[in-house]
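Structure first, commentary second.
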Amino acid sequence: MDGQDRVDPSLQPRYRTSVQQVTLAGLVAFTLFSLMNAPTLLRLVLRQPVGWWRSVELPLVHRLERVSHALWLDRPRLAADRALGRGFGTAATFDRLAAANAQPRDADGTKLPPASADDPLDLWIIGDSQARRLGEALMRRALASGVMKATVDSRLATGLSRSDYFDWPSTIQTFVESNRPDAVVTIFGANDPQTLQLDTGVFAAGDSGWLEEYSRRTDIVMSYFERQGIRVYWIGQPISSRVVLTRRMREENAIYAERASMHPNTVYIPLWELFLDADGRYASYLRDGEGALVQMRTDDGVHLTRAGAERAADVIFPRIVADLPQGKDEGASHESRVMRGRFSRNGP
Amino acid sequence: MLFPTPQFALFFIPIFLVSWAVHRHRGIWLLFLLVASYVFYAWWDYTLLPLLAGVTLFSQTIALRLHVAGSERARRLLLFAGVGGNLAVLGLFKYYDFAVVSASNGLRQLGLGLDPPLLRVVLPIGISFFTFQAVSYLVDVYRRGTEPVALGELALYLSFFPHLVAGPIVRAGEIVPQFREIPDARRLPAAEAFFLIVGGLFKKVVVASYLGAEVVDPVFAVPANYSAWQTLVAVYAYAIQIYADFSGYTDIAIGVALLLGIRLPQNFDSPYAARSIGDFWRRWHMTLSRWLRDYLYIPLGGSRVSTAATYRNLLITMLLGGLWHGAAWTFVAWGGMHGLFLAVGRWRRERHRAAREPRSTRSVLAWLATFHLVCLAWIFFRAESFDNALEVLVRLVDLRSAAGPSFGAVAIVVSMLAVQFVPRRLFVELEGAFARLGPVAQGAALAVAFLLIDTLGPEGVPPFIYFQF
């Protein structure tokens, strides 16, 4: 049933209202909804990029939230959010991750454990929206390998800059403690070039203070995985069609590479070169392995298409396979030895 | 600026208030709505405003000349130029890269390597809709079905923000007369508008978002990970997702326009209650169906030609209808399948008529067959490539895994299908009950409904599927 479905004239609406009444009803609806939804409105405003608009909105929404709380109108929404496990963190959650205790574990993260059909390698693919298609491409390969299984956790518009928007440190800690993945593939950065508001000051993306803090956060995540004995494949952002974003991504990629070199469990895999045309510039269409011209990037100039994700996975997956134990003495399964041979000869 | 966002609410509230404050002064009212519509479009990408304005000016120039042209030859030439110009704009932005890449890859197969220049432009949002409306205006003027309208009226007709980015595809004759009447501020169909907006939001934010993210996307991304039952439910879920997404959008669009005193045409009529593919197309995206019928199928000869030519016309119409949805061969396949289904349906009807046999009255079977044929075609519509579609089809017949679908997905699919059969009188009565409430109670009910939708929906609503077309 669709609302405009009124073929029968007898069903034509007979209920007419004056504009004044509609305005009053709208006003009541808007006010009451804003009050009942004040916790979410506050969250939305807090998640906005730091700037003048956010500074104007924040005191207004704070006041609304206080009124809502005093009138108990926010309780249904808060209860529903609690039931649905929704919440948001703060910059301090990175410090909590930094302080998280290491769990006893046999592996040191510098190599992968043996993998077999009975005991497949557990791959966890995490990151911003780039992680979705990339994760799916890796998942298809993992599934086809017969000795790996993969889980993708891609969160739209998230990253390491704004843990108040999405709390990656807590998400990582919770997942690792309950699921103990063997290896993690991460891709962050596309949403990270935004102003950081810290106790020490406000830093625009690209500032030395911003670079220092971003480097610290990257290191906290890598260190946590290292303490947990988990192998990490940290994927760099591919070039973007947007000039400023591309500049920022270069800086982020440099941080990832530099920090990864300090953690023996972490491998940095750049994608930058993979999406350049013959002149070394951004290209949305590139030739695939068979020479066909294929759209590799979506129209926004940032994300990967399915074909683009396949192109990236063609580089990442063999790197993971190469880390599987090779000899019998290292506990390699027959399947993983066969698979490794196949990838090294022909590519995926 | 998506409809289900605080930004749109903050955009619309002043539009509503100012529009009714100035509505008695027709010129100011229309100018205000036009400026609001251009601001709405600029919010997406202000660099595209010249394109929208250019299509308007070009179409008006042709329409005025077409109206005064003396000879039929001149009129035809002008129509050809007008329609061709609009389709060229659509083709350049939407299909140029697709055509060039397809040709390049085809030639490469023949051993001819070419690196043709690509346009590499972002598809302007709503271009498929406003160019089709411009074409319908020109054809209607040519057919003398409508007089050329004033430039401001045409500009507002093409850009009116509720229908600008994803329809319904409106005809000038439906909407321009409404611009010429001063709407009655004492007789607003507000209950109907609120029901449409709340229902549309629920369908989009809750149903379509959940099914897309939790059921459909994972299965189409890695079909090998799922059993036949899970895949089957994902295909059904996609049918519901795209219906909830698109009809949700148009319900909101129609409701928003009603609050401004403008009635847009109906676009959906319980499409999954259809008992034949022809019936489906009379209920699904109805404004596109009638556009294809009036401006493509009938000019091709429609059914007033030989039987073979009628089947050809059906196929051409649906193939082009498929291509209209997107520059990819999977959309062409989707359209082709519907063309084939329509042709077979017509052939069966003709056969029954010739034999003077009553047509099958087993309507449950007819409904089941129709729904499953529509779902089969949706696989190609949703898949990112033919390989992806084949993967899904293979999973549907691979019975090695018995893993079942989630209860939530099945419950939503069944509920949404059941709603298609609920008598419309029930909805009208509910609307009446709402209308009889006082404005304060109406406002409170709306607030609770909005809160429920916002709570049940995901954090961050994905764009409407039809925005990409």
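Observations, loosely collected:
- When B:Leu10 is tested against (1) surrounded by fewer than 16 Cβ atoms within 10 Å (Cβ to Cβ); (2) part of a helix (DSSP H, G or I); (3) touching a residue at least 12 places away in the same chain (Cβ under 8 Å); (4) within 14 Å of chain A (Cβ to nearest Cβ), just one condition goes unmet, and that condition is (3).
- Looking at A:Val243, A:Val202, A:Val185, just one residue is farther than 24 Å from A:Ile316 by Cα and in contact (Cβ under 8 Å) with a residue 24 or more places away in the chain, and that residue is A:Val202.
- Within the stretch B:240-256, residues that are at the interface with chain A (Cβ under 9 Å from one of its Cβ atoms) and of a type in the set (Gly, Ala, Ser) have Cβ atoms under 6 Å from residues that are open to solvent by less than 10 Å² (accessible area, probe 1.4 Å) and part of a helix (DSSP H, G or I) in these pairs: B:Gly255/B:Ala193; B:Gly255/B:Leu196, counting only partners at least 6 apart in sequence or on another chain.
Residue-by-condition table, conditions (1) within 9 Å of another protein chain (Cβ to nearest Cβ); (2) at pLDDT 90 or above:
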position	(1), (2)
B:Val413	no, yes
B:Leu417	no, yes
B:Gln420	yes, yes
B:Arg424	yes, no
B:Phe427	yes, no
B:Ala441	yes, yes
B:Ala447	yes, yes
B:Phe450	yes, yes
B:Gly457	no, no
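- Among the residues examined, B:Ala185 qualifies as at pLDDT below 90 and in contact with a Ser or Thr (Cβ under 7 Å, 6 or more places away or on another chain).
- Flag if B:Ile262 is within 16 Å of B:Val419 (Cα to Cα), β-branched (Val, Ile, Thr), more than 10 Å from chain A (Cβ to nearest Cβ) and out of contact with any His (no Cβ under 7 Å at 6 or more places or on another chain): no
- No other residue among B:Val170, B:Val198, B:Val176, B:Val219 is away from chain A (no Cβ under 13 Å) and either of a type in the set (A, V, I, L, M) or under 19 Å from the mean Cα position of the chain (by Cα) (or both) apart from B:Val176.
Table: residues versus (1) over 21 Å from the mean Cα position of the chain (by Cα); (2) surrounded by fewer than 19 Cβ atoms within 10 Å (Cβ to Cβ); (3) more than 27 Å from B:His285 (Cβ to Cβ).
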residue: B:Leu373; (1), (2), (3): no, no, no
residue: B:Val392; (1), (2), (3): yes, no, no
residue: B:Asp398; (1), (2), (3): yes, yes, yes
residue: B:Phe407; (1), (2), (3): yes, yes, yes
residue: B:Val414; (1), (2), (3): yes, yes, no
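- Residue in the stretch A:216-226 that is hydroxyl-bearing (Ser, Thr, Tyr) and modelled with pLDDT of 95 or more present: yes
- The residue that is most open to solvent (accessible area, probe 1.4 Å), among those in the stretch B:283-307 that are over 19 Å from B:Phe132 (Cα atoms) and of a type in the set (D, E, K, R), is B:Arg304.
- Test result for B:Asp269, among the charged types (D, E, K, R) and facing chain A (nearest Cβ under 9 Å): yes
- For the stretch B:72-94, the criterion of a residue being more than 31 Å from the chain's Cα centre (by Cα), open to solvent by less than 60 Å² (accessible area, probe 1.4 Å), more than 16 Å from A:Leu286 (Cα to Cα) and of a type in the set (Gly, Ala, Ser) is satisfied by at least one position.
- Within the stretch B:362-393, the set of residues being touching a residue at least 12 places away in the same chain (Cβ under 8 Å) and within 14 Å of chain A (Cβ to nearest Cβ) comprises B:Arg382, B:Ala383, B:Glu384, B:Ser385, B:Phe386, B:Asn388, B:Ala389, B:Glu391, B:Val392.
- Residue-level check: of (1) closer than 30 Å to A:Gly291 by Cβ; (2) buried (at least 19 other Cβ atoms within 10 Å of the Cβ); (3) not hydroxyl-bearing (Ser, Thr, Tyr), B:Phe98 misses just (2).
- From the list B:Asp279, B:Asp269, the one residue that fits, being under 27 Å from B:Phe161 (Cβ atoms), open to solvent by 10 Å² or more (accessible area, probe 1.4 Å) and of a type outside the set (A, V, I, L, M, F, W, C), is B:Asp269.
- Strands (runs of 3 or more DSSP E) fully within the stretch A:153-207 counting 1 or more residues that are of a type in the set (Phe, Trp, Tyr): A:201-203
- 3 or more residues modelled with pLDDT of 85 or more and exposed (fewer than 15 other Cβ atoms within 10 Å of the Cβ): qualifying helices (runs of 4 or more DSSP H) within the stretch A:40-133: A:52-70
- Residues of the stretch A:1-33 that turn out to be among the β-branched types (Val, Ile, Thr) and at pLDDT below 50, as a count: 1
- Residue list for the stretch A:207-245, restricted to those being farther than 30 Å from A:Asp323 by Cα, open to solvent by less than 20 Å² (accessible area, probe 1.4 Å) and not hydrophobic (A, V, I, L, M, F, W, C): A:Gly209
The values are calculated or read from the model by the stated rules, or taken from the named source; none is laboratory data. Fair warning: this is a prediction, and the values are worked out from it, not measured in the lab. Every residue, glycine among them, receives a Cβ derived from its backbone with ideal geometry; neighbour counts consider all protein chains shown. Ligands, DNA and RNA are excluded from the accessible area calculation, which covers all protein heavy atoms including side chains. Shrake-Rupley method; radii C 1.70, N 1.55, O 1.52, S 1.80 Å.
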